[in-house]
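Asks: Below is a structure I'd like to ask you about.
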Amino acid sequence: MSGVVETEVLVIGGGGAGCSTALHLALRGAKVVLLERGLVGSQASGANYGGVRQQGRHPAELPIAKRSHAIWQDLPRLLGTDCEFVATGHLKLARSAADEADLVAYLDVARDYQLPVRFLDRATLHRDYPWLGASVVAASFAPEDGSANPRLLSPALAQAARAAGAAIREQIQVTACRHENGRFVVEAGDAVFHADTLVNTAGFWGGQVAEWFGEPVPVRPHTPNMGVTEPIPYFIRPNIGVAGGGIYLRQIPRGNVIFGGGRGTGDPAVPFSRATPEATLAAMRKAVEIVPSLAGVSVIRSWSGIDGMMPDGIPVVGPSSTTPGLFHAFGFSGHGFQLGPAIGAILSELVLDGRTDVPLEPLSIRRFQTTP
Amino acid sequence: MRVAVVGAGPAGVRAVEQLVRAGLRPVWIDEAPDGGGRIYQRPPAGFHRTPKALYGWEGGRAAALHATLDALKPQVDWRPETLVWNIQPGLLDPGRLDTVRDGAVEQLGFDAAILCTGAMDRVIPIPGWTLPGVTAMGAAQIALKTQGCAIGRRVAFVGSGPLLWLVAYQYMKSGAGIAAVIDTTPWRTKLHALAGLRDGAATLAKGAWYVARLRAAGILVREGATPIAIEGEDGVTGLRWRDASGVEQRLDCDALALGWGVRPETQLADLAGVPMRFDAPSHLWVPQRDAAGRSAVPGLYLAGDGAGIGGADVAEMAGARAALALQEDAGMKADVELATRLDRRLHAQARFRAALDRAFPFPARLAATMPDATILCRCEAVRAGELRQAARADAATGAAPEVNRAKAFTRIGMGRCQGRICGAAASAVLADALGCDVTEVGRLRGQAPVKPLPMPMPIPAGTP
Ligand SMILES: Cc1cc2nc3c(=O)[nH]c(=O)nc-3n(C[C@H](O)[C@H](O)[C@H](O)COP(=O)(O)OP(=O)(O)OC[C@H]3O[C@@H](n4cnc5c(N)ncnc54)[C@H](O)[C@@H]3O)c2cc1C
Ligand SMILES: Cc1cc2nc3c(=O)[nH]c(=O)nc-3n(C[C@H](O)[C@H](O)[C@H](O)COP(=O)(O)OP(=O)(O)OC[C@H]3O[C@@H](n4cnc5c(N)ncnc54)[C@H](O)[C@@H]3O)c2cc1C
């Protein structure tokens, strides 16, 4: 389709962040167009591990995570599907005294943010979860956390956004953007879009969009390595992480165990990503360490995805520092799936009200600006 | 130069033969306990039957291939019972194969590799196909070949293709009870496609001979028929089907073999980044290669049924040809005369293959119109109706415009077999539901491991 399309808000990128933004804007009556290079949710938001957790997050993210938690619970009403979100609890394991000290230290952060987290000493932990390996010495448990099906979230958000009046355009890549006479001019496919407001939710590629507006950021591709086993009888209820990272796993009620650890490989220019055999094998070894009864269970698939990693491990969320009417939310650094639903609510407030109650200062793009 | 050959069927054996002739010592890998591939799969030790009894008219070829196989083993790095579960193509760096043997993983570098991964049964899910007692056609044949046992006492054979008659005939010869042979292709389709071709006439004659023998033994043989449903509670008790004139029929049976030819095992080629194309006559996605077996990925060659179905004789020629191409590309002196001869014969065979594809067309309608309640993906227990639901614009996630998205929504093709069994039927159902051509919904992308890879045993405490 060629010609000029006029809209109030244009959203670049149809991951969880972008689709949620389109939905919340449309629900409030804004005229919004979302442009997605592939299919909605075909990048990080559709390929991730599916962990929906607040525990362990950087304090700067916790207000967003808490708001997201409320939306996750409300998905059936909002989207007509729960996206398989279940609050199974998130169990974070310690395998050394140092890791245990980290878990204990985080209890204070959790208390400051009214996040329910319970500490489990070794005896309690092994009594409640007798299938854990002997190397685990303690854990902290966050009952509100859990997991969801990443393949459903963005498409369901996009579908609800369509129903609310948003135009969701797939298979169309934004190739150039500029701000001209107070309006945004966005070139994509063989069409040109004019918008009053521009939202950059382009994931890893959000760095490119920011650069178009003269505010480059040091975002790097981040490709977690994922795997899944054949179905086995359901016994791992909580979503499991470990202090220090390296392995995380969860089981879905139909029996498959999904696990992550290490890095896959990829090329964001294609875009393309894939698990590496080294990472898959290493994660398999570590999975068996923390849940020994997984030995012999077959892994049937591995994959990866591309997220944007910021040097400080937290995203860029908030207004542009160079261009009025431009808002960023990208670089979720490997943990933005849980945040997606709230990001849309927050951005819709920034766009329509010019403000939000959620403190965003620590996530401002200005933190990467080097004063000359 | 490090060369790897995956697969020790007809294609792999002839490829390795040419590599060894050229002075190379390839790594040669097959996941089976021994070489021979599908058609010339050897029975386990201690199971004695003559090649003639095992391989019928192909007995001589089988014996010759096995002799070459055994002679080659000491001249190469032979690794049976070893699965190649992943491949990383060598673009600038050398390529790597990830293998697993009895739980032990290993990574092998290669400068060039020939993939001779062969084929597997092609089935169309029909209601009741997940009942115990239903097997794929080739699997029914292998049960007979390697274990000497029939899959039931009254077996119905349902499908189409040369293998349908052959396996039914082999069962009859072994004394197994046969309930019926239900062929979805009408006789005139085969006649029309094959008459007039030299090899075609021979195939027709072979087929007619099998059919005559089966009929002479009092076995019900019906062509142009359509299976409706396999009946039974916890085992097969019967088959409902429709005859060529559209009248519904029923027959008693206690086991059923199902198959519409074979499909290439393309996952390794796919993982290596070899572009795929839809071959309309065979209704299959096949890796792209040139006539000599070169793929677009430097150093990667494809031969045999894994590169597109051609049958065992073509596989032997293609294996040898790919090995010669590898030598040419590596700047070695290759047997040009042999290459030319193989090119000519492979070219002639391609015409015959096209005729065979017309003679035994894949009944895409049968797949596309399967009832909603049919379990389409048996690994994940997804029904055809769920896939059709995912194609609807008013679904909670919007319509799935292609098959990988449908997989994401419904889990179709996400199980143990990674869609190797249901993929083609799933595409047919989805394309029909969307009202588009089957090529538009694409194919399920491959992901490592190409077959299930077991989690390791825990490292005992105290090990450094
Ligand atoms: C393997 C993996 C596992 C993860 N596990 C978890 C987890 O368990 N829990 C968790 O909370 N987070 C997890 N994450 C992180 C999480 O998935 C991401 O942070 C989150 O999905 C990012 O959402 P997004 O909308 O910013 O980006 P994306 O989902 O990447 O969406 C950005 C979209 O923008 C589109 N786009 C880019 N450029 C253009 C352009 N020029 N024109 C048009 N469209 C464009 C892309 O195609 C893409 O669809 C994981 C990430 C990965 C990769
Ligand atoms: C079940 C079955 C029965 C058949 N019966 C007949 C018949 O009776 N008559 C007839 O004319 N044709 C028959 N065919 C077709 C015939 O088998 C093929 O045309 C012929 O075998 C092709 O030879 P090939 O070397 O290409 O492959 P194959 O003979 O299939 O050999 C491929 C080899 O590669 C190995 N392999 C594949 N992937 C991997 C991997 N990832 N790692 C390690 N090893 C791997 C396999 O174990 C196998 O040994 C049958 C096919 C099948 C599938």
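No lab work stands behind these numbers, since they all come straight from the coordinates. None of the values given here were measured: they were computed from a predicted structure. All Cβ positions, glycine included, derive from the backbone under ideal geometry; neighbour counts span all protein chains shown.
Asks: How many angstrom lie between the C-alpha centres of the range A:125-153 and the range B:31-62?
Replies: 51
Asks: Using DSSP, restrict attention to beta bridges with both residues in chain B and report what percent are antiparallel, rounded to the nearest 5. Present the calculation step by step, with values, prior to reporting the outcome.
Replies: Values: 32 of 62 bridges.
Given both bridge residues lie in chain B, the antiparallel proportion sits at roughly 50 percent.
Asks: According to the square roots a ≥ b ≥ c of the eigenvalues of the Cα gyration tensor, what is the shape class of the range B:123-260, taking rounded for a/c under 1.5, prolate for a/b larger than b/c otherwise, and oblate for the remainder?
Replies: On the way: a/c = 1.85, a/b = 1.32, b/c = 1.41.
Because a/c hits 1.5 or more and a/b fails to exceed b/c, the range B:123-260 counts as oblate.
Asks: Using only Cα atoms, locate the centre of the range A:246-316 and the centre of the range A:1-51, then give the distance between them in Å, rounded to an integer.
Replies: If you average the Cα positions of each part, the centres end up 27 Å apart.
Asks: Report, for chain A, the % of DSSP beta bridges that are antiparallel, rounded to 5.
Replies: Details: 46 of 69 bridges.
Of those bridges, close to 65 percent are antiparallel.
Asks: Continuing with the same structure: For the residues B:Asp183, A:Asp307, B:Asp290, what sequence is obtained by ranking on other C-beta atoms within 10 Å, fewest first? Spell out each step's value before the answer.
Replies: Working: B:Asp183 25, A:Asp307 30, B:Asp290 11.
Listed from fewest to most nearby Cβ atoms, that is B:Asp290, B:Asp183, A:Asp307.
Asks: Another one. Could you sort out which of A:Lys66/A:Lys286; B:Lys73/B:Lys451; A:Lys92/A:Lys286; B:Lys173/B:Lys206; B:Lys145/B:Lys190 sit more than 19 Å apart by Cα distance in this structure? Before the final figure, lay out each step's value.
Replies: Details: A:Lys66/A:Lys286 30 Å; B:Lys73/B:Lys451 25 Å; A:Lys92/A:Lys286 15 Å; B:Lys173/B:Lys206 15 Å; B:Lys145/B:Lys190 28 Å.
Table pairs above 19 Å Cα-Cα are A:Lys66/A:Lys286; B:Lys73/B:Lys451; B:Lys145/B:Lys190.
Asks: Would you mind ranking B:Trp165, B:Trp78 so that the residue whose beta carbon has the fewest other beta carbons within 10 Å leads the list? Intermediate values should be presented prior to the final figure.
Replies: Values: B:Trp165 22, B:Trp78 18.
Ascending number of Cβ neighbours within 10 Å: B:Trp78, B:Trp165.
Asks: For the range A:146-286, what class follows from the C-alpha gyration tensor (a ≥ b ≥ c being the square roots of its eigenvalues): rounded when a/c is under 1.5, otherwise prolate if a/b is larger than b/c, else oblate? Don't jump to the answer; show the numbers that get you there.
Replies: Values: a/c = 2.89, a/b = 1.85, b/c = 1.56.
In terms of gyration-tensor shape, prolate.
Asks: Roughly how many Å is it from the Cα centre of the range B:150-213 to that of the range A:324-372, as a whole number?
Replies: Between the Cα centre of the range B:150-213 and that of the range A:324-372, the gap is 67 Å.
Asks: Where Rh is the Kirkwood radius over the Cα pairs of the protein assembly as shown, the temperature 20 °C and the viscosity 1.002 mPa s, what D in µm²/s does Stokes-Einstein return?
Replies: Details: Rh = 29.2 Å.
For these conditions, the coefficient is 73 µm²/s.
Asks: With both bridge residues required to lie in the protein assembly as shown, what share of the DSSP beta bridges run antiparallel, to the nearest 5%? Could you put the intermediate results ahead of the total?
Replies: Values: 80 of 133 bridges.
Bridges in the protein assembly as shown are about 60 percent antiparallel.
Asks: Just rank A:His69, A:His90, fewest to most, by other beta-carbon atoms within 10 angstrom. Walk me through the numbers before you get to the answer.
Replies: Values: A:His69 22, A:His90 27.
By the 10 Å Cβ count, ascending, the order reads A:His69, A:His90.
Asks: At a Förster radius of 25 Å, what calculated FRET efficiency corresponds to the Cβ-Cβ distance of B:Gln75 and B:Arg213, to the nearest 0.05? Display every interim value, and only then the final one.
Replies: Numbers: r = 42 Å, r/R0 = 1.70.
Once rounded, the FRET efficiency stands at 0.05.
Asks: Between B:Ala373 and B:Ala195, what FRET efficiency comes out of the Förster formula 1/(1 + (r/R0)^6) with R0 = 56 Å and r the beta carbon distance, rounded to 0.05? Don't skip to the answer; put the middle values down first.
Replies: On the way: r = 41 Å, r/R0 = 0.73.
Efficiency for this residue pair is about 0.85.
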